[in-house]
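The next block holds one structure in the form of structure tokens; read it before the comments.
The values are calculated or read from the model by the stated rules, or taken from the named source; none is laboratory data. Computed from a prediction, not measured in an experiment: that's the story for all the values here. With ideal geometry, Cβ positions are generated from the backbone for all residues, glycine too; neighbour counts draw on all protein chains shown.
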Amino acid sequence: MSDLIDWIELHKVTVGLLQAVVLLLLAWVAGLFSYLRKLTAKPRLHVVETASFVFIEDLADHDGKPNSMRASFIINASLINASKEKVVLEQFLLSYRTHNIIRSYRQRLVRIAFPVRPRKRLGNGIKYMGVWFTEFGEDDYKLEAAHGNLDAKEMCAGYLLFASFTWRGWNPRIAGNTVSVRLRAKLTSGECIKFCTRLRVVTDPAFVEEFCPGLVEHVAHESTWNHDLSTLEV
């Protein structure tokens, strides 16, 4: 120990430089971790694939349009505000992969309302599900709508419904019984958050009706189709 002390006394300049280098290195590492925390502490979007699906209806030659198809996208989405500031959701936008090679994801579908609150049967009971921006007057209980006004470190989740009617190359491309989709959450700040996933394809109307009674008839009405903002830059 005495030899070490003697060496330090004889090399004060070198020791001082080493101390400065170590301090600079520690400051750099601390700054790097701080930067990484800020980079990851942003609003995030998430889709629960196991709770989401797309209901595909083959309409053959509907209204003179060959190979027509109606697609209803039912998505369980969560918005997580990991930042330290409040965020406000403006709207959701959905696009999906089509058979066309050029501009395959050109759609910007906006959500439409569910006819009634979605539900899930659990044993002998029924669990009613939350929905974005929608309250249902027939509810016998209070279930707050997912609103999209999130304070720091808050999250909000609920179901979304999008419907499209297409034909030929603009039909959703089905691969492995799934459809590739891109969900975007546009914030009032102008920021747009994206989540890409694949939704399983459902073709059984009975399954859809059990999940949301009246939905099949609801999306059969032309007024629910193709609420599209594809002309907007997102």
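Being hydrophobic (A, V, I, L, M, F, W, C), modelled with pLDDT of 90 or more and either closer than 30 Å to residue 227 by Cα or out of contact with any Pro (no Cβ under 9 Å at 6 or more places or on another chain) (or both) is a description that does not apply to residue 30. Within segment 102-113, residues that are not assigned by TED's automatic domain parsing to the domain that holds residue 162 have Cβ atoms under 7 Å from residues that are crowded, with 17+ Cβ neighbours inside 10 Å and outside any loop (DSSP other than H, G, I, E, B) in no pair, counting only partners at least 6 apart in sequence or on another chain.
Only one of the numbered conditions (1) of a type outside the set (Asp, Glu); (2) closer than 19 Å to residue 199 by Cβ; (3) part of a strand (DSSP E or B) is not met by residue 59, and that is (2).
Within segment 114-125, is even one residue among the aliphatic types (A, V, I, L, M), under 20 Å from residue 227 (Cβ atoms) and modelled with pLDDT of 85 or more? Yes, that holds for at least one residue.
Of all residues in segment 58-76, none satisfies the criterion of being surrounded by fewer than 18 Cβ atoms within 10 Å (Cβ to Cβ), in contact with a helix residue (DSSP H, G or I) (Cβ under 7 Å, 6 or more places away or on another chain) and under 23 Å from residue 114 (Cβ atoms).
Looking only at segment 101-124, which residues are farther than 19 Å from residue 197 by Cα, out of contact with any strand residue (DSSP E or B) (no Cβ under 6 Å at 6 or more places or on another chain) and part of a loop (DSSP other than H, G, I, E, B)? Within segment 101-124, 102, 113, 115, 116, 123, 124 meet the criteria. Screening segment 70-107 for residues that are at pLDDT below 90 and under 22 Å from residue 222 (Cβ atoms) and picking the one that is farthest from the chain's Cα centre (by Cα) gives 106. Considering segment 108-135, the residues that are charged (D, E, K, R) and within 17 Å of the chain's Cα centre (by Cα) include one that is surrounded by the most Cβ atoms within 10 Å (Cβ to Cβ), namely 111.
When residue 60 is tested against (1) out of contact with any Lys or Arg (no Cβ under 7 Å at 6 or more places or on another chain); (2) modelled with pLDDT of 85 or more; (3) under 24 Å from residue 218 (Cβ atoms), exactly one condition is not met: (2). Applying the set (1) surrounded by fewer than 18 Cβ atoms within 10 Å (Cβ to Cβ); (2) charged (D, E, K, R); (3) outside any strand (DSSP E or B) to residue 90 leaves exactly one unmet item: (3).
Determine, yes or no, whether residue 52 is within 28 Å of residue 191 (Cβ to Cβ), surrounded by fewer than 18 Cβ atoms within 10 Å (Cβ to Cβ), assigned by TED's automatic domain parsing to the domain that holds residue 204 and in contact (Cβ under 8 Å) with a residue 40 or more places away in the chain. Judged against the criteria, residue 52 is not a match.
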